[in-house]
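Colleague: Once you've had a glance at the structure underneath, I'll fire off some questions.
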Amino acid sequence: MTKSALAAEIAEPDYLHAPTKFKGLFGWIFSTDHKRIAILYLATMMLFFLVAVILGVLMRVELFSSGRTIVDPQTYNQMFTLHGVIMIFLFIIPGMPAVFGNFMLPLMIGAKDVFFPRLNLFSWWLFLAGALTVVVSLFLPGGPSDTGWTFYVPYSIRTTTNVIPALAGAFILGFSSILTGLNFITTIHRMRAPGMSWFKMPLFIWAIYSTAWVQILATPVIGITLLLVTIERLFGIGIFDPAMGGDPVLYQHLFWMYSHPAVYIMILPALGVVSEIIPVFARRTIFGYKFIAYSSIAIASVGSLVWAHHMFTVGMSNTGMFVFSLLTFLVAIPSAIKVFNWIATLYKGSILIDVPLLFVLSMIVQFCIGGFTGLMLGALAVNIHVTDTYFVVAHFHYVMFGGAGFALFAAMHYWFPKMFGRMIRRKPAMIGWLLMTVGFNMFYFTMFILGYLGMPRRYYDSLPEFLPLHRIASVGSWILAAGIFLVVANLFISIRRGAKAPMNPWGGKTLEWTVPSPPPVENFHEIPSVITGPYDYSEYEKPEAGE
Amino acid sequence: MSKAAAVSHTHRDDEGSRIGMWLFLFTELILFGGMFIVYAVYRFKHFDEFRIAGAELDVFIGTLNTLILLTSSWTVVMSIAAIRRGKKILSMSLLSATIVLAFFFLVNKYFEWSHKIAHGIYPKSPELMKKPAGEILYFGLYYMMTGLHALHVIIGMIILGFMLVFIARNVINQDSFVKLEAGGLYWHLVDIIWIFLFPLFYLIH
């Protein structure tokens, strides 16, 4: 595909060991190298992810038996708020673009860095500042916010817990997300290698591109909304207060105008990762490249118009409900197009079973379950029945964790050799994958049943008839958590003890596999010129060349 | 140092920098867009009360501020035109004029706000709470939106101040003025938002 393979043989320190302006930690936190910034994001994000996992496990322990088990109701409320805020704003929204987008985007389009490297570092600093602001709320008198991650008014204006630090943290994190998106769009427009036309870009780049647009166009809305709640708390201008003529439902509209598109910030890059991994492990050219590329754009644009399906029960005109329900059904079409194309790619492929593909396969099944239950929720009649129950919680965990989260782990295992120059030890990874898949489905599928039977979300306690199902879910959550910790521990151990990774361990055809593992600071000695599309497996597809 | 300079030279792409700036301006517009939605909803709900409250603002001071901002946008454009012709001193004086005009805008805003506050109209004031809901919301939005705009004026002044330093140090010069263009674009954004705020609060009765 390129000529740079030869040049890469020349010994040059990789980005992990190259001399930097500052020594030690400062060499990282002041580095403008997109690869180092990606690792910074990865480290901070993983830390917060594990904290939120522990919070989740503790909540499941609390629900294991009736009455008080380990914490009191107020602490429980603060725990689910913190779990939500961390998972959404600190893990899954920045996760894929900031870590893998940052690391892989320049490599995959044949560039030496992103367009604004210093802005990129500034984004990470903002991310850290936002994260610390959220953490500060834990230690101020009053304790962390107990509003749920949605910060619904009027409660978020009345509660005495520290809502403002949480809002300010989310605001700063949003700003960081906007700057990352802006950087990526400019990079993709201006820095593609010669010959890489739009339709020769890897599909992950298409996904990152669509995501970046959602990041910059949707995030400001949550910015102003959170600012309004802050002003409301500080000065009481009455915008969301019915006593002064304000409308609390307006808050929900503004909130979901961002937060529904944000769902696509979380899932689109995940879908992009799946589109990368499947052709490599099936040894086949991706089926329907253009359809997958356009479906990313379609999901991003239609997905921006469906926000009020979160609010079917708060009071809306019938026309409004009908339109939002219809649009919600429409988003399913581009999502399904992707799934069909992945399956068509796997069909008759020379499939190589390895850890990244296993995560991807779990992801596809779970994403489908999450998607279909999303359609059930989009249907007006069913929605009224299951609003604010475990059904909703199970649905979004299937999409966010079963989909985006599993894809993130797939990406981690797929690109780990490139990022750290080591192979991941396969056996613990496979056991971890098995535990995660079994635990995940045991946990959240049970929640679907609980929700359909009427178990409301965010409740501290449950009726006795729900207890057996709660116990199954709790055990599932522990298996899932065991799997997560095994996988993460294995990643850490593999950084030191894994076998040395070759340049292209999986047989990938995209540009990041044409540079050494780990890549040198400048990525490419000479900017490659691109001739073929990103997934050229024609040699495997000839009948005589079967593997 | 020489290597870093060489790298930055090869990476220079003014078109890309402009794309980045425009994308950022989109986000700013949408930030205010959220406020305009809130305004539209409440104006629709409390049509008459918004009219009555709107009549209480001083159209003269609003018009004056509009003229000040429009003039300041003109001086920014002229400042870019001057640097393109290599007239460093002229460019710097025009830019300084912009900052001074921005300062006048804020002074007017200060008098306007303190006048209202002296009359007992500020969030949660006893005077305001006696008024009907629509007027409370009107003044809530007035303080929120003009306040957010004033914050952007201050940020704009800081940005233009940096530009002034860059011109003085020849970082911005006849061949490389994309930074100044970006600063100018930001200033126009501040201007354009005011162009919408002015009729919405002062003129529509």
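Colleague: On the principal axes of its Cα set, how long, how wide and how thick is the range B:112-165? Give whole Å, largest value first.
Modeller: Result, largest extent first: 50, 20, 13 Å.
Colleague: Next up: Can you give the charge dipole size of the range B:13-203 about its Cα centre, rounded to the nearest 20 debye, using +1 on the beta carbon of Lys and Arg and -1 on the beta carbon of Asp and Glu?
Modeller: 260
Colleague: What are the extents of the Cα atoms of the protein assembly as shown along their three principal axes, listed from largest to smallest and rounded to whole Å?
Modeller: 83, 75, 47
Colleague: Another question, if that's okay. Out of the chymotrypsin sites (Phe, Trp or Tyr not before Pro) in the range A:302-389, which ones are loop residues according to DSSP with at most 13 other C-beta atoms within 10 Å?
Modeller: Loop-located and lightly packed - A:347.
Colleague: With unit charges on the beta carbons (Lys and Arg positive, Asp and Glu negative) and the dipole taken about the Cα centre of chain A, which residue among A:209, A:435, A:168 sits farthest to the positive side?
Modeller: A:435
Colleague: Ignoring ligands, DNA and RNA, how much accessible area is buried between chains A and B, both sides summed, with a 1.4 Å probe, to the nearest 100 Å²?
Modeller: Rounded to the nearest hundred, the buried surface is 2800 Å².
Colleague: Taking amide hydrogens as modeled 1.01 Å from N in the peptide plane, which residues meet the under 5 Å criterion relative to residue A:422, leaving out close sequence neighbours?
Modeller: Here the answer is A:501, since their amide H atoms fall under 5 Å of that of residue A:422.
Colleague: In addition: Keeping all protein chains in place and using 1.4 angstrom, which order do A:450, A:128 fall into by accessible surface area, from largest down?
Modeller: The most accessible residue leads, giving A:128, A:450.
Colleague: Which whole-number value in Å² is the accessible area per residue of the range B:13-203, probe 1.4 Å?
Modeller: Result: 45 Å² of accessible area for each residue.
Colleague: May I ask you to give the percent of accessible area on the range A:1-148 that is carbon plus sulfur, with a probe radius of 1.4 Å?
Modeller: Within the range A:1-148, the accessible surface is 73 percent carbon and sulfur.
Colleague: With θ set to phi - 60° and the Karplus curve 6.51 cos²θ - 1.76 cosθ + 1.60, what are the ³J(HN,Hα) couplings of the range A:480-489 in order, to the nearest whole Hz, using x for Gly and Pro?
Modeller: Using θ = phi - 60°, the values come out as 4, 5, 4, x, 4, 5, 4, 5, 5, 4 Hz.
Colleague: Further, regarding this structure: Rounded, prolate or oblate: which fits the range A:317-363 when a ≥ b ≥ c are the square roots of the eigenvalues of the alpha-carbon gyration tensor, with rounded for a/c under 1.5 and prolate only if a/b beats b/c?
Modeller: prolate
Colleague: Rank A:406, A:40, A:300 by how far each Cα sits towards the positive end of the charge dipole of chain A (+1 on Lys, Arg Cβ; -1 on Asp, Glu Cβ) and give me just the farthest.
Modeller: A:40
Colleague: Using a 1.4 Å probe, what is the accessible area per residue for chain A, in Å²?
Modeller: Each residue of chain A exposes 36 Å² on average to a 1.4 Å probe.
Colleague: How much net charge surrounds residue B:125 when only the other residues with a Cβ under 13 Å from the Cβ of residue B:125 are counted, with Lys and Arg +1 and Asp and Glu -1?
Modeller: Computed value for this residue: +2.
Colleague: Further, regarding this structure: Using protein chains only and a probe of 1.4 angstrom, how many square angstrom of residue A:319 are accessible, to the nearest 10?
Modeller: Per-residue accessible area (residue A:319): approximately 100 Å².
Colleague: Mind checking the dipole of the protein assembly as shown: about its Cα centre, +1 per Lys or Arg Cβ, -1 per Asp or Glu Cβ, Debye to the nearest 20?
Modeller: 1300
Colleague: Quick one: which bits of the range A:165-205 get at least 30 Å² less accessible when the partner protein chains are in, versus the chain alone, with a 1.4 Å probe?
Modeller: Listed by number, the residues meeting the 30 Å² cut-off are A:182, A:186, A:190.
Colleague: If you roll a 1.4 angstrom probe over the protein chains with everything in place, what fraction of the accessible area of the range B:13-203 belongs to carbon and sulfur, to the nearest %?
Modeller: For the range B:13-203, the apolar C and S fraction of the accessible surface comes to 72 percent.
Colleague: So, taking all protein chains as they sit and a 1.4 Å probe, how much accessible area belongs to residue A:146, in Å² rounded to tens?
Modeller: 10
Colleague: Can you pull the percent of Cα pairs in the range B:13-203 with separation above 19 Å?
Modeller: 62
Colleague: When the solvent-accessible surface of protein heavy atoms is calculated with a 1.4 angstrom probe, in what order do B:77, A:99, A:382 fall, highest first?
Modeller: So, going from the largest accessible area down, we get B:77, A:382, A:99.
Colleague: Given a 1.4 angstrom probe, I'd like the percentage of the accessible area of the range A:459-536 that is carbon and sulfur, rounded to a whole number.
Modeller: 67
Colleague: Using θ = phi - 60° and the Karplus form 6.51 cos²θ - 1.76 cosθ + 1.60, what ³J(HN,Hα) does each residue of the range B:171-188 get, whole Hz, x for Gly and Pro?
Modeller: With the stated coefficients, the range B:171-188 comes to 5, 9, 9, 4, 8, 9, 10, 5, 5, 5, 4, 5, x, x, 4, 4, 5, 4 Hz.
Colleague: Here's a follow-up. Give the ranking of A:260, B:205 by solvent-accessible surface, highest area first, calculated with a 1.4 Å probe.
Modeller: Descending order: B:205, A:260.
Colleague: Return the residues of the range A:244-281 for which accessible area with all protein chains present is lower than in the chain on its own by 10 Å² or more; set the probe to 1.4 Å and exclude ligands, DNA and RNA.
Modeller: Residues losing area: A:244, A:245, A:247, A:250, A:254, A:257.
The values are calculated or read from the model by the stated rules, or taken from the named source; none is laboratory data. These numbers were taken from a predicted model, which means no experiment stands behind them. So basically every Cβ, Gly included, is an ideal-geometry build from the backbone, and we count neighbours across all protein chains shown. Side chains are part of the model used for accessible areas, which takes the heavy atoms of the whole protein and leaves out ligands, DNA and RNA. Shrake-Rupley method; radii C 1.70, N 1.55, O 1.52, S 1.80 Å.
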